[in-house]
Amino acid sequence: MANLLWLELISAVFVAMYFPIALVQTAGIVRGLLFRPIPTFLPPKPGRRIITVICTNGQNPEVVQQILARVQSYGFPIEQFVIKEERDGFSYSAREIVVPKIYRAPKGSRNKMRALHYGTLWLAEKGYGRETYIIFMDDDSVVTRDYVRYVYGMPYDAGQGMIHLRAVGHHLLSTLADFIRVTDCEVFCRQFNRGHVPRIAHGEGLVVRADVAAGIGWDYGTYGAEDLLMALYVYTRGYRFGFIPAYVEISPPTSRSDFFKQRRRWLFSFFRAGPVIREVSPFTYYFGIYRYILGWTGFIGIYLLVADNVLLLPIDPLVFSMSAFNLVAYFLAYQYGAASLHSWKYSLKMLALQFVVAFYEGGTVILSVFRPPSKTSFEVIRKV
């Protein structure tokens, strides 16, 4: 009985700590259902140029080609660039920025950050400046036509929109786990970016004016978190960061091992870049820690419900009510993401496998602590 009481106490602590996330997510979902983001396209700014930049390690050339072709099909006068390493012998249907093998970033940044820093400075040297807006994409992400159209009249110096999933179903649990990314972006990215204070940023679809990107650079000397740091530096240096009411489409990991690699990279990118993030924005740093530790614990309240209804243990009414709300909010968050596919099949699969997905995602965070990635290599995953 004493062990059960301790379990009840620990569960109650998690319930109380998760409750703010549940409140914010639920409010954001309700707002999203009632007020869908409809792009208001401002007239194109005179002289504005848009370029897209894909940074690739050369392992997914066919996917990069598909992205280039899709953006080209939109019919806008867009220049497309691919930043690639010298060892990459593939010829892309875009202008190529080749990073020399001998190039070293001043602060020692490696891998993707090193390549982005070189590429951004290369563009500045070629005369891409204040009139040019860069849409950065990963080599598995593609912005929609509305995204590009909005950037032509965007009144901010930088900005970002929301994510949707594409190429789903290659690995069921990874697809279901990524539904929360859709919801979180709808809730947090929209909320913070509309207030012009970015707290969450993703590399997919980040838009930065060329001269601003070159002035800030991507050389932070960290293991990762370059997208978040770029957004934070844009804001802290006095530029305007805004919300783009359109979508960038991403693909979930295609296997369990790739899901683990991706989530582990994100986790350690944030914490290894922690000192820099904390220096730029303490709130963003502690907010990130809070979400990483508690963002997957919404299901824990089920234990209190079992304790109350099966074991007949006395549960504080307030804690019980918060626990029930957390559970509903947790299910709703994943269902909201699943609904974005407009497929009832995925909504049903999500409903049936909710707790499996919770352990699948939460267990990845825990396992990453015991199997950290190398500080010198940058794990990549298969793209589709």
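Conditions tested, residue by residue: (1) modelled with pLDDT of 90 or more; (2) farther than 24 Å from K375 by Cα; (3) in contact with a helix residue (DSSP H, G or I) (Cβ under 6 Å, 6 or more places away or on another chain).
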{"residue": "V276", "(1), (2), (3)": "yes, no, no"}
{"residue": "G298", "(1), (2), (3)": "no, yes, yes"}
{"residue": "L304", "(1), (2), (3)": "no, yes, yes"}
{"residue": "P317", "(1), (2), (3)": "no, yes, no"}
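Among the residues of the range 143-166, write down those that are out of contact with any strand residue (DSSP E or B) (no Cβ under 8 Å at 6 or more places or on another chain) and among the small types (G, A, S).
Of everything in the range 143-166, just one residue is out of contact with any strand residue (DSSP E or B) (no Cβ under 8 Å at 6 or more places or on another chain) and among the small types (G, A, S), namely G153.
Quick check: is even one residue across the range 18-28 at negative phi and assigned to a strand (DSSP E or B)?
So far as the range 18-28 goes, no, none of its residues is at negative phi and assigned to a strand (DSSP E or B).
Out of (1) β-branched (V, I, T); (2) at pLDDT 95 or above; (3) touching a helix residue (DSSP H, G or I) at 6+ places or on another chain (Cβ under 7 Å), the odd one out for T144 is which?
With respect to (1) β-branched (V, I, T); (2) at pLDDT 95 or above; (3) touching a helix residue (DSSP H, G or I) at 6+ places or on another chain (Cβ under 7 Å), T144 is out only on (3).
Kindly provide the set of residues from the range 255-301 that are part of a loop (DSSP other than H, G, I, E, B) and closer than 18 Å to G337 by Cα, ordered by number. Outline the logic, then answer.
Our first condition is that a residue be part of a loop (DSSP other than H, G, I, E, B); within the range 255-301, this holds for 255, 273, 281, 295-297.
Selection gives G295, W296, T297.
Quick check on I10: is it of a type in the set (V, I, T), surrounded by fewer than 15 Cβ atoms within 10 Å (Cβ to Cβ), free of Cβ contacts under 8 Å to residues at least 40 places away in the same chain and assigned by TED's automatic domain parsing to the domain that holds L123?
Details: of a type in the set (V, I, T): yes; surrounded by fewer than 15 Cβ atoms within 10 Å (Cβ to Cβ): yes; free of Cβ contacts under 8 Å to residues at least 40 places away in the same chain: yes; assigned by TED's automatic domain parsing to the domain that holds L123: no.
No; evaluated as a whole, the condition is false for this residue.
Quick one: is F270 at negative phi, aromatic (F, W, Y) and modelled with pLDDT of 90 or more?
yes
When you go through (1) at pLDDT 85 or above; (2) farther than 13 Å from F179 by Cα; (3) polar (S, T, N, Q); (4) over 21 Å from the mean Cα position of the chain (by Cα) one by one for T376, which number turns out not to apply?
It is condition (1) that T376 fails.
When you look at I216, is it modelled with pLDDT of 95 or more, assigned by TED's automatic domain parsing to the domain that holds Q160 and not charged (D, E, K, R), yes or no?
Against the criterion (modelled with pLDDT of 95 or more, assigned by TED's automatic domain parsing to the domain that holds Q160 and not charged (D, E, K, R)), I216 qualifies.
Could you run through the range 98-148 and say how many residues are without any contact (Cβ under 8 Å) to a residue 40 or more places away in the chain and crowded, with 17+ Cβ neighbours inside 10 Å?
So the first thing to find is which residues in the range 98-148 are without any contact (Cβ under 8 Å) to a residue 40 or more places away in the chain, and the list is 98-104, 118, 122, 125-127.
Checking the rest, the ones that are also crowded, with 17+ Cβ neighbours inside 10 Å come to 98-99, 118.
Going through the range 98-148 one residue at a time, the tally reaches 3.
Which of the numbered conditions does D88 fail, given that it passes all the others? Conditions: (1) in a loop (DSSP other than H, G, I, E, B); (2) surrounded by fewer than 18 Cβ atoms within 10 Å (Cβ to Cβ).
Evaluating D88 over (1) in a loop (DSSP other than H, G, I, E, B); (2) surrounded by fewer than 18 Cβ atoms within 10 Å (Cβ to Cβ) leaves (2) as the failure.
If I filter the range 91-113 for residues that are within 30 Å of P44 (Cα to Cα) and under 20 Å from the mean Cα position of the chain (by Cα), do I get at least one hit? I'd like the intermediate steps shown before the answer.
Step one: list which residues in the range 91-113 are within 30 Å of P44 (Cα to Cα), which gives 92-97.
From what is left, the residues that are under 20 Å from the mean Cα position of the chain (by Cα) are none.
Checking the range 91-113: not a single residue is within 30 Å of P44 (Cα to Cα) and under 20 Å from the mean Cα position of the chain (by Cα).
The values are calculated or read from the model by the stated rules, or taken from the named source; none is laboratory data. Please read these numbers as outputs of a predicted model, since none were measured by experiment. Here Cβ is always computed from backbone atoms with ideal geometry, including for glycine, and neighbour counts include all displayed protein chains.
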